[in-house]
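Since the structure comes first, as structure tokens, the remarks are kept for the end.
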Amino acid sequence: MNKELIEALDLLEKEKNISKATLLEAIENSLLTACKNHFGKADNVKVNINPETGDFAVYASKEVVETVEDPVTQISLAEARIRDPKYYLGDTVHVPIESKSFGRIATQNAKNVILQKIREEERSQQFSEWYQKEKDVVTGIVQRDNGRNISINLGRVDAVLNETEQVKGEVFKPTERIKVYVLEVKDTNKGPRITVSRTHPDLVKRLFEEEVTEVKDGTVEIKAIAREAGSRTKIAVCSNDPNVDPVGACVGINGARVGSVVNELRGEKIDIITWDDNPAILIENALSPAKVICVLADEEAREAQVIVPDYQLSLAIGKEGQNARLAARLTGYKIDIKSESQARELGLFEEMGIDYQEDGVYDDFETDYEVSASGEEYDSADLADLSSEEDK
């Protein structure tokens, strides 16, 4: 019994995740290669390996002939009968081959065949493993800064965080643990090449799936995400269970759930709004924390006219237009925001058929134009930040 061989195969199977059957096949091929290098051919050579004991036998099938012309494939009748008197001309004799008879070069080539097979299987296993994790979030350790790119260790393989996939302003220290989104996995001669991202919108989605049980099990669904990495993200959520508040589930008690995601994203602000199939209501929700007077949405043109109170105009647009820009990306509508004074001067109320009144009440508008009233807003940003932004 070849205990050492079996132990070595078991160890390789455990460390490299390569099946014992594959390793035995590699050994068989290596022995065939050694025979070919030693005898010049191996078409008539057979290898039998016992997977339980590790014992193996190599033999050549030779035809019994009167006169031997090819000693590799033929054997004389006299020699065959020395082995067993029952043989006759035309019979096939199995002649054992001692591996000790192989030369140094043949042995080295056999070793290379085994090593090559192990490397190929290891690369194949790694690629298969990481290909299944494509479009998912994994935790890695920052290794080194390769110029503009960052090398991230993911265990047995390294990933590349390209400059274009890095959040502007984020600085990582060696050995720091970070979560990254697996953007792409490619198979190469040197193993899988894994590209990861910190800017992809789905990074936020996957983080919420990790933190929020209702999102992971499908009770709460993330319908849309709009993100400006490092600054602000808006996500629209809905619930498949009438007893579950989708926004409250994502925010968590005292903001614990959304807070964990914000911390992982290094303080990036996250607005969570309720999804609605009515585009007018969805657009109003998407413009939070700004209050909205009315929304007129054209579903065919994918355009919307929004009117907000004068003091809410700057908040609705946001710093450098960010709030309006993210709301447009989230809803898929081109949004034109006007203040109440601007709408009155341009005659938008009359154009929309709205009975404008000084007290801010608009008769029958909700029925005619699918307008929604301002609802609750949820923002992971501090209330102080929101207050200061509204004051501006």
Contour minus Cα-Cα span, Tyr311 to Val68, at 0.36 nm per residue, comes to 76.9 nm
Computed from every Cα-Cα pair in the stretch 163-228, P(r) in 5 Å bins starting at 0 and rounded to whole percents is 4, 14, 18, 20, 19, 14, 8, 3, 0
So which of Lys16/Lys269; Lys135/Lys173; Lys168/Lys216 end up more than 31 Å apart, counting from Cα to Cα? Lys16/Lys269
To the nearest 0.05, what FRET efficiency results for Gln322 and Thr213 with a Förster distance of 35 Å applied to their C-beta separation? 0.70
Kindly report, to the nearest 10 Å², the accessible surface of Asp136 as traced by a 1.4 Å probe over protein heavy atoms only. 70 Å²
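Over the residues of the stretch 243-316, compute the C-alpha Rg and express it relative to 2.2 N^0.38 Å.
Details: Rg = 14.9 Å, N = 74, 2.2 N^0.38 = 11.3 Å.
Compared with the compact-globule rule of thumb, the stretch 243-316 sits at 1.32.
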May I ask you to derive the FRET efficiency for Val244 and Asp136 from their Cβ-Cβ distance with R0 = 30 Å, giving the value to the nearest 0.05? 0.75
Along each principal axis, Cα extent of the stretch 83-238, largest first, Å: 88, 41, 21
Simple spin-label estimate for Arg193/Arg83, 7 Å along Cα→Cβ, in nm, reads 5.2 nm
Length gained if Glu299 through Ser128 is fully extended, taking 0.36 nm per residue and subtracting the Cα-Cα distance, is 57.2 nm
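So what's the stretch 107-186 giving for Cα Rg divided by 2.2 N^0.38 Å, two decimals?
On the way: Rg = 16.1 Å, N = 80, 2.2 N^0.38 = 11.6 Å.
Working it through for the stretch 107-186, the quotient is 1.38.
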20 Å reach of a label modelled at Arg266, 7 Å along Cα-to-Cβ, counting backbone N of the stretch 170-191: 170-183
Simple SL model, points at 7 angstrom along Cα→Cβ for Arg177 and Glu350; separation in nm is 6.6 nm
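The values are calculated or read from the model by the stated rules, or taken from the named source; none is laboratory data. All values derive from a computational prediction rather than experimental measurement. No Cβ is skipped: glycine too gets one built from the backbone with ideal geometry, and neighbour counts run over all protein chains shown. Note: accessible area is taken over every heavy atom of the protein model, side chains too, but ligands, DNA and RNA are not part of it. Shrake-Rupley method; radii C 1.70, N 1.55, O 1.52, S 1.80 Å.
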